[in-house]
Amino acid sequence: MYDTSIKLINKIASFGYQAYIVGGYPRDLYLKRSSGDVDICTDAKPRDIMQIFPEVITTNVEYGTVVVMYEKVRFEITTFRKDNKYSNFRKPIDVEYVTTLEEDLKRRDFTINTLCIDKNGNVVDLLNAKSDLDNKIIRMVGNPKLRLKEDVLRILRAIRFATVLDFELEPVLKAYIKKYGYLLKKLSKDRKKSELDIIFASKNKEYGIKLLVELKLADALDIPILPWIKITPSMVVTWSQLNALDKYNFNANERETIKALLELRNKNLLDSFVLYQYGLYDCTLAAELQGVSKKKINEIYVDMPIHSRLDISLSPTEICTVLEKAPGPFLKDIIKDLEVKILNKSLKNEKEAIEKYITIHYK
Ligand code: ATP
Ligand code: MG
């Protein structure tokens, strides 16, 4: 990724433009962490970039960003700019291109996100990013009050970076987050959700949640119960405790899991019938909440004679043959009965035993 990034900025440079790697990649490299995509800043305009890289995948030309796949790495290439006016506490409505790196860095959120790497691989540190990275501090570029009010997403980004990197919030920034936290109500729920997802998925989520609570953001985020939840490893388990199904958009998988977790709250996870009904995945997640041993659940699961109705040794067609009946709704009750008997081991999951059982009870 590093070599490809250097190659890419040299390619831009060969057309006579300035180009730097900026943002998450240099930050994470300095911290010896891995990162997903690479942000590039340049004085080339989006149109110039699109000419240099025919492999452009998307553009957000309005904000001066072009996304390029180059040697299988995803690059977000953004023209040096400053953001003049902001609308609705979020989006810049007047973007102006600028000519120097320094001006571009000044519109960025935190000092730790302003570290750059140039085309020769040299680190460029115009706003003291390294010092804040060394001291583990999230510091706003410029005036925290103004910069937070311009774009309230920065509140959640600050907490997200503090959480993931285990950094402190610079005290003035922290005070203004507390003061202006109510503005989060103006932020779209999908923006909030994706930042919260990152916080809740972090190994360091306890700290992140502590910050959200301490800075009184739970109400503005529509999750007032946050101070009282149990901290557990999985993100979805955290969400399941927040009564957020009607407030945020969850994907189908998350939604199903959350519903199952709510149902499982008062159920005995060591009951093989519960495990059978809900499956190992949901029960293992529910175990985080109930403090039940995952290992124990796993042992019980492995020991269960059947894990779905397809495992029953006599098929529905065979049941009908034994009973000399045409298939009908009656099968449902019989199968249910068989599941219970087989799971509690009062009936063996063997063809003959089951044939005998249904002949006695249902013929
Ligand atoms: P990661 O990609 O690891 O989530 P990142 O720092 O690269 O973190 P991106 O969202 O990719 O974050 O943004 C790239 C860079 O753009 C940031 O490092 C920062 O310099 C700048 N940036 C992103 N969002 C904002 C914002 N809301 N306000 C100001 N600058 C921002
Ligand atoms: Mg990035």
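The values are calculated or read from the model by the stated rules, or taken from the named source; none is laboratory data. What you see is a predicted model; the values in this text were computed from it and never measured. Note that we place each Cβ from the backbone using ideal geometry, even for glycine, and neighbour counts take in every protein chain shown. Heavy atoms of the whole protein, side chains included, go into the accessibility calculation; ligands, DNA and RNA do not. Shrake-Rupley method; radii C 1.70, N 1.55, O 1.52, S 1.80 Å.
For the residues Thr321, Thr58, Thr99, a GNM of the chain with alpha-carbon springs under 10 Å puts the largest fluctuation on Thr321. Region 248-318 and region 154-212 have Cα centres separated by 33 Å. Only beta bridges with both residues in the chain are counted; by DSSP, about 75 percent of them are antiparallel. In region 139-175, which residues have a backbone nitrogen under 15 Å from the label point lying 7 Å from Lys216's Cα in the Cα-to-Cβ direction? Hits in region 139-175 for Lys216 at 15 Å: 174-175. In region 262-297, whose amide N lies under 13 Å from the spot 7 Å out along Cα-to-Cβ of Asp303? List them in ranges. Only 270-273, 295-297 fall inside the zone, counting backbone N under 13 Å.
Applying 0.36 nm per residue to the separation of Tyr281 and Cys320 and subtracting their alpha-carbon distance, the gain on full extension is 10.7 nm. Distance between the 7 Å Cα→Cβ label points at Asp28 and Lys203: 1.5 nm. Share of carbon and sulfur in the accessible area of the chain stands at 50%, probe radius 1.4 Å. For Pro144, the shell of other residues with beta-carbons less than 11 Å away shows a net charge of +4, using +1 for Lys and Arg and -1 for Asp and Glu. Take every DSSP beta bridge with both residues inside region 1-96 and express the antiparallel ones as a percent of the total, to the nearest 5. For region 1-96, the DSSP antiparallel bridge percentage is about 80. Full extension of the chain segment joining Asn60 with Lys363 gains 102.1 nm, where the gain is 0.36 nm per residue of separation less the Cα-Cα distance.
Annotation: peptides 73-82, 343-352, ranked by per-residue average of other Cβ atoms within 10 Å with the highest first, follow the order 73-82, 343-352. Placing +1 on each Lys and Arg Cβ and -1 on each Asp and Glu Cβ, with no other charges, gives the chain a dipole about its Cα centre of roughly 920 debye. Remark: the chain carries 51 Å² of accessible area per residue (probe radius 1.4 Å; ligands, DNA and RNA excluded). Using the Cβ-Cβ distance between Lys7 and Gln51 with R0 = 22 Å, the FRET efficiency computed as 1/(1 + (r/R0)^6) comes to roughly 0.80. Of all lysines in the structure, those lying under 24 Å Cα to Cα from Lys336, and not within fewer than 8 positions of it along the same chain, are Lys259, Lys267, Lys325, Lys345, Lys348, Lys351, Lys356, Lys363.
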